[in-house]
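The structure appears below as structure tokens.
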Amino acid sequence: MTKTNKNSSFKQYIRLTNPIHFLAVGLGSGMSPIMPGTMGSLMAIPIWLLFYQLIPILYWILIVVAFVFGCFLCQKTSDDTHTHDSGHIVWDEFVGMWITLFFIPHLSVLWVLIAFIIFRFFDMVKPWPIRLADQKVSGGFGIMIDDVIAAIFSSIVVYLLTFWIS
């Protein structure tokens, strides 16, 4: 299935008073009329600041739970709004950013910005196999998995940059 951006249809059916919809659209950040994915990725950062100091095992448990929960959130919101992977659904960007941010060497505006730019690059350009997952995997899992793959690519780049920049 390909990504559709039926803004009028999506906005007609979305209910921000519904906690599932509210989370799926990134606490409302995905409702931005311009670059909702980028806005969702930005909104993921202050939330990440609440848990970035967790020990690694707890951090990754949180990521796995957020991914599994995200599959449900994204599927339910897609079903309710009669769309597939609307650009307004940005929970997948949250999880992708959180994965990428794990690999920054230390907390600094520079490293958060680097991680953000690299993740947005891979999420928007969608090189193989990200594009393949985006096009071929459907449902809530499909919405989530292309951003996780983008995050894996981004994480590798961020990790390699730590040797060059630090």
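Scanning the stretch 14-28 for residues that are within 12 Å of the chain's Cα centre (by Cα) and either in a loop (DSSP other than H, G, I, E, B) or of a type in the set (S, T, N, Q) (or both) returns Val25, Gly26. Taking the conditions (1) in contact (Cβ under 8 Å) with a residue 24 or more places away in the chain; (2) over 11 Å from the mean Cα position of the chain (by Cα); (3) in a helix (DSSP H, G or I) in turn, Thr100 satisfies each one other than (2). Consider Leu132 carefully, then state whether it is assigned to a helix (DSSP H, G or I), more than 22 Å from Trp60 (Cβ to Cβ), over 13 Å from the mean Cα position of the chain (by Cα) and modelled with pLDDT under 95. So Leu132 passes the test. Scanning the stretch 47-67 for residues that are assigned to a helix (DSSP H, G or I) and surrounded by 13 or more Cβ atoms within 10 Å (Cβ to Cβ) gives Ile47, Trp48, Tyr59, Trp60, Leu62, Ile63, Ala66, Phe67. Of the set (1) exposed (fewer than 13 other Cβ atoms within 10 Å of the Cβ); (2) aliphatic (A, V, I, L, M); (3) more than 15 Å from Trp98 (Cβ to Cβ), all apply to Ala24 but (1). With respect to Phe72, determine if the residue is aromatic (Phe, Trp, Tyr) and out of contact with any helix residue (DSSP H, G or I) (no Cβ under 7 Å at 6 or more places or on another chain). No, not satisfied.
On inspection, Ala44 fails the criterion of being assigned to a helix (DSSP H, G or I), touching a residue at least 24 places away in the same chain (Cβ under 8 Å) and out of contact with any Asp or Glu (no Cβ under 9 Å at 6 or more places or on another chain). I'd like the full set of residues that are surrounded by fewer than 19 Cβ atoms within 10 Å (Cβ to Cβ) and in contact with a Ser or Thr (Cβ under 9 Å, 6 or more places away or on another chain), limited to the stretch 137-150. Hit for the stretch 137-150 is Gly139, nothing else. From the residues in the stretch 72-86 that are closer than 21 Å to Pro33 by Cβ and of a type in the set (D, E, K, R), which one is surrounded by the most Cβ atoms within 10 Å (Cβ to Cβ)? Top of the filtered list is Asp85. If you go through the stretch 108-136 and keep only what is touching a helix residue (DSSP H, G or I) at 6+ places or on another chain (Cβ under 7 Å) and either basic (Lys, Arg) or exposed (fewer than 15 other Cβ atoms within 10 Å of the Cβ) (or both), you end up with Arg120, Lys126, Pro129. The condition of being under 16 Å from the mean Cα position of the chain (by Cα), touching a residue at least 40 places away in the same chain (Cβ under 8 Å) and surrounded by fewer than 18 Cβ atoms within 10 Å (Cβ to Cβ) does not hold for Ile89. Here Trp164 fits the description: over 15 Å from the mean Cα position of the chain (by Cα) and either at pLDDT below 95 or surrounded by 14 or more Cβ atoms within 10 Å (Cβ to Cβ) (or both). Regarding the stretch 66-87, can at least one residue be identified that is touching a Pro at 6+ places or on another chain (Cβ under 9 Å) and either closer than 17 Å to Met124 by Cα or at pLDDT below 95 (or both)? Checked against the condition, which is being touching a Pro at 6+ places or on another chain (Cβ under 9 Å) and either closer than 17 Å to Met124 by Cα or at pLDDT below 95 (or both), the stretch 66-87 yields at least one hit.
The values are calculated or read from the model by the stated rules, or taken from the named source; none is laboratory data. Model, not experiment: these values are computed from the prediction. Neighbour counts run over all protein chains shown; Cβ positions are idealised from the backbone, glycine included.
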